[in-house]
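Here, each number is a calculation from the coordinates, and none is a lab measurement. All figures in this text were calculated on a predicted structure; none of them were measured in a lab. Methodologically, a virtual Cβ is constructed for each residue, glycine included, from the backbone with ideal geometry; neighbour enumeration extends over all protein chains shown.
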Amino acid sequence: MAFVPINDENPRIWIRYHFVTMALIAACVLTFLWQLGLSSREHDMAFFRYGVIPAVLWGNAALPAEAAVVPSPVTLFTSMFLHGGWLHLIGNMLFLWVFGDNVEDAMGHRRFIVFYLLCGAVGGLAHAASVPGSTIPTVGASGAIAGVLGAYFVLHPKVGIWGLLFGIIPIKLPTVIVLGSWIGLEVLNALTVRSEGAGIAWWAHVGGFVAGAVLIFFFRQSHVVLWDSRPGARIRRPISFASRRGPWGRR
């Protein structure tokens, strides 16, 4: 992509440590390391066992007994932790690292877990609905992470995002530009490019983003404002948290 995010100017306010975001990253990395230890056949079988296969999900096809180890609806969740390669993994985890902490901050740990899984499931369903007869397994956390981006867009459209333009030029742009252009391109690709031909589940990204933008209204904590609508609201910290310290310091 033309813009690679590396950091934002948005401090965490209510939760000092984003445990869930870090745990999700760790789970994806560990799963990928497990994948690397599989033989070629075992690796392919893992995708068929735990990836989302639209035709199987809708009941238009069935897996052989050796591959049908979990019910097809469960693959909407298991598929989130598998990735197709290093670039796929690193790209997804980078976005989760940059944007996930503030979304977790706005919801709390438990709500964020449910939110993340729901967005990923909606993304998987959106992809499956776009290619209902496909027998190609789809894997990756992209739908769930798109949900995180949708929530961040609604929460903090004015925040500056630091990134590398074309991978080399440092530049800061507001969220509304970074994520607005990202979802715009995803919609355009979803409407014009066949997912199977491109190897990318565009509709999973769109579905996850929309889910995140909607669900944030219900999952945010009561004190959290939307659209950066209260000046200074993002930098006020409860007195009880002021003296806490941690290995990462403040952002």
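Data for the structure
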read-out	value
Shape call, the stretch 3-235: gyration tensor on alpha carbons, a/c limit 1.5	prolate
Sites matching trypsin sites (Lys or Arg not before Pro) across the stretch 83-180 that sit in DSSP coil, with at most 11 neighbouring C-beta atoms within 10 Å	none
Rounded if a/c under 1.5, otherwise prolate or oblate - the stretch 5-93, Cα gyration tensor axes	prolate
Range of Cα positions in the stretch 116-193 per principal axis (Å), largest first	42, 25, 19
Extreme residue, positive dipole direction of the stretch 3-235, given options 219, 121, 85 (C-beta unit charges)	219
Relative packing of peptides 123-130, 17-24, 33-40, 205-212 - highest average C-beta neighbours within 10 Å first	205-212, 123-130, 17-24, 33-40
Value at 222 nm in deg cm²/dmol, rounded to 500, when DSSP H runs of n ≥ 4 in the chain each add -39,500 (n - 2.57)	-17000 deg cm²/dmol
